[in-house]
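One structure is given below, encoded as structure tokens.
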């Protein structure tokens with residue numbers, strides 16, 4: 001499996017992709033930090049539904065990309081390949097995360113270098129949470145899933 005580079009040199013690569021049920025996901029690396037993207041379930045895909053999932057899904061560092069709000073620059077140029085719905089993303093460039101090329105002394109502030117496998121596990125947890133919220137919304141609206 002391809003791992004994040006943490007090299008500090010901008011180089012966009014896809015680390016992994018797949019789907020859980022009908023929810024597609026992908027993990028990319030830009031050479032500085034990895035990023036993860038998940039398609040929202042159909043009934044959560046409209047902007048009006050953001051309040052249903054935003055406070056009920058634990059995402060590393062919170063959402064840093066929203067396909068309905070953000071532009072298609074840099075990493076965005078290929079993140080949504082194969083996605084049919086609104087999708088969200090987050091990065092692994094927060095306090096305690098390793099950031100390639102920043103030269104932070106790891107002995108002063110320990111920096112986590114995420115593996116692709118660890119990020120896949122986080123992606124699966126986000127998808128499970130989204131599926132749970134989706135089912136709750138469907139039940140509330142009397143829709144069968």
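The rows are residues; the columns are (1) at pLDDT 90 or above; (2) more than 21 Å from residue 122 (Cβ to Cβ); (3) part of a strand (DSSP E or B).
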| site | (1), (2), (3) |
| --- | --- |
| 2 | yes, no, no |
| 19 | yes, no, yes |
| 28 | yes, no, yes |
| 37 | yes, no, yes |
| 48 | no, yes, no |
| 53 | no, no, no |
| 68 | no, yes, no |
Among the residues of the stretch 51-71, write down those that are within 14 Å of residue 130 (Cα to Cα) and without any contact (Cβ under 8 Å) to a residue 12 or more places away in the chain.
-> 51, 54, 55
Has the stretch 35-50 got any residue that is surrounded by fewer than 22 Cβ atoms within 10 Å (Cβ to Cβ) and free of Cβ contacts under 8 Å to residues at least 12 places away in the same chain?
-> yes
Only one of (1) closer than 20 Å to residue 7 by Cα; (2) surrounded by fewer than 14 Cβ atoms within 10 Å (Cβ to Cβ); (3) at pLDDT below 80 does not apply to residue 76, and that is (2)
Kindly list, by first and then second residue, each pair from a residue in the stretch 96-116 that is on the phi > 0 side of the Ramachandran plot and in a loop (DSSP other than H, G, I, E, B) to a residue that is crowded, with 16+ Cβ neighbours inside 10 Å and at pLDDT below 65, limited to pairs with Cβ atoms under 8 Å and residues at least 6 apart or on different chains.
-> none
Can you find even one residue in the stretch 57-66 that is more than 21 Å from residue 17 (Cα to Cα), at pLDDT 85 or above and not in a helix (DSSP H, G or I)?
-> no
Out of 119, 88, report the one residue that is modelled with pLDDT of 75 or more, surrounded by 12 or more Cβ atoms within 10 Å (Cβ to Cβ) and part of a helix (DSSP H, G or I).
-> 119
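The values are calculated or read from the model by the stated rules, or taken from the named source; none is laboratory data. Everything numeric in this text was worked out from a predicted model, so none of it was measured. Glycine also receives a Cβ, built like all others from the backbone with ideal geometry; neighbour counts cover every protein chain displayed.
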